[in-house]
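The values are calculated or read from the model by the stated rules, or taken from the named source; none is laboratory data. Here the structure is a predicted model, which is why all the values come from computation and not from measurement. Glycine also receives a Cβ, built like all others from the backbone with ideal geometry; neighbour counts cover every protein chain displayed.
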Amino acid sequence: MDDDPVLRDLGADLERDDPRLAALLSGATDDVGHRRPWWLLLLLAPPLLMVLFVVNPAAFGGVTLVLILAVPVIVCWLLPPPSGTPTAGPG
């Protein structure tokens, strides 16, 4: 632990304002196992939608088109920003 009083004060303020973020930043998280696997939904959604819309080909085509157009947005959302890009600072 750093002995800098300013850093300790900032850490205490962060723990008081947002204890979950403070725990994530310090590496002391105990709820890692409670996260839902969101990627499982991404894997299961297309086959489930195909089963639902197999009766109506127009609905199946529309849902397929929406999913195909949504893939680039989902990938860009999941990727981290490139290194060397400026990030927003506090305030």
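Among the residues examined, Leu10 does not qualify as modelled with pLDDT under 75 and either touching a Phe, Trp or Tyr at 6+ places or on another chain (Cβ under 7 Å) or surrounded by 11 or more Cβ atoms within 10 Å (Cβ to Cβ) (or both).
Residues in segment 23-44 that are touching a helix residue (DSSP H, G or I) at 6+ places or on another chain (Cβ under 8 Å) and at pLDDT 75 or above: Leu42 only.
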